[in-house]
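Here's the structure we're looking at; comments come further down.
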Amino acid sequence: MDLQQQLSASITKEQVMAIVNWVGDSRERFDELFRIFTTSPYRIVQRAAWPMSYCVIRHPSLIAPHYTTLLRLLDDAAQPPAVKRNILRLLDQGAAIPKKFHGRIMDICFRNLEDPTGAIAAKAFSIGVLSKLSDLYPEILPELKTTAELLLPHASPGVKSRALKVLKKKRGQ
C-alpha cells in the first residue's frame, strides 16, 4: 500500500480501517505511518493521525518507541487540532502509558482542560487520560474533580458525560 498516496486526498472511515488492517501489528508498517505523521505537510499529518490512533488502540505496543515524539507534538501549540485529538485518543484508549511520561502527560491534559479555546474532543480525551492516571495517582483526583466542575456549565455533551463520571469517582477506584 502506498500510504502517502492514500493520505494525499480526503480520507473516509473505510480508508482509515483499510490502513489500520494493512498496518496490523507490523512495526515496520506502523513506523512508516508514524514517519508520515511526523514529517508530512499539514493536511497529510491530519489524515495520518486518524489511522495512527486506531492502530495503537488495536496494537498498543506499536507506540512504545514514539512517546517522546508524541509528547513533543502534543505540547506544540502549532499542531493542528486533529493531531492533538488523535494523540489524546490513543493515550486515552490505547496502551498503558510508561511511568516516566505520567507527570508530563498529566500537565498537558490539565492545560487542555483549562484552555477556554481548546477543542472539545481534546478536553474529553484529556479527562479520560487523567481519570485513568488518577487510579495510579489518587492525589490528582481532587484537582481533576474541581476542574471537571468548572467545565460543566458550558460543556458539550461528551465533555459533560466524562466530567460527571469523574465527579462520581472515589479515591483509589
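Residue check: Phe125 meets all listed conditions (1) more than 30 Å from Val23 (Cα to Cα); (2) of a type in the set (Phe, Trp, Tyr); (3) crowded, with 18+ Cβ neighbours inside 10 Å but one, namely (1).
Residue count for region 57-81 under the criterion of being among the aliphatic types (A, V, I, L, M), surrounded by fewer than 19 Cβ atoms within 10 Å (Cβ to Cβ) and over 17 Å from Arg104 (Cβ atoms): the result is 2. List every residue pair whose Cβ atoms sit under 9 Å apart, with the two residues 6 or more apart in sequence or on different chains, where the first one lies in region 23-46 and is closer than 21 Å to Ser10 by Cβ and in the same structural domain as Leu71 (by TED's automatic domain parsing) and the second, anywhere, is surrounded by fewer than 17 Cβ atoms within 10 Å (Cβ to Cβ) and among the acidic types (Asp, Glu). Listed by first residue and then by second, the contacts come to Val23/Glu32.
Taking the conditions (1) under 12 Å from the mean Cα position of the chain (by Cα); (2) exposed (fewer than 13 other Cβ atoms within 10 Å of the Cβ) in turn, Ser10 satisfies each one other than (1). Tyr137 meets the conditions (1) modelled with pLDDT of 95 or more; (2) of a type outside the set (A, V, I, L, M, F, W, C); (3) under 30 Å from Pro41 (Cβ atoms) in every case but one. The failed one is (3). One residue alone among Asp115, Asp92, Asp135 is within 20 Å of Thr68 (Cβ to Cβ), among the acidic types (Asp, Glu) and without any contact (Cβ under 8 Å) to a residue 60 or more places away in the chain, and that residue is Asp92.
For every residue, the table says whether it meets (1) touching a Leu at 6+ places or on another chain (Cβ under 8 Å); (2) in the same structural domain as Leu71 (by TED's automatic domain parsing); (3) crowded, with 16+ Cβ neighbours inside 10 Å; (4) among the small types (Gly, Ala, Ser).
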| site | (1), (2), (3), (4) |
| --- | --- |
| Gly103 | no, no, no, yes |
| Ile108 | yes, no, yes, no |
| Asn112 | yes, no, yes, no |
| Ser131 | yes, no, yes, yes |
| Leu141 | no, no, yes, no |
| Glu149 | yes, no, no, no |
| Ala155 | no, no, yes, yes |
| Lys168 | no, no, no, no |
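For region 12-32, the tally of residues that are of a type in the set (Val, Ile, Thr) and over 13 Å from Met52 (Cα atoms) stands at 1.
Can you tell me which residue within region 25-56, out of those that are among the charged types (D, E, K, R) and surrounded by fewer than 18 Cβ atoms within 10 Å (Cβ to Cβ), is modelled with the lowest pLDDT?
That would be Arg43.
The values are calculated or read from the model by the stated rules, or taken from the named source; none is laboratory data. Model, not experiment: these values are computed from the prediction. Note that each Cβ is placed from the backbone with ideal geometry, even for glycine, and that neighbours are counted across all protein chains shown.
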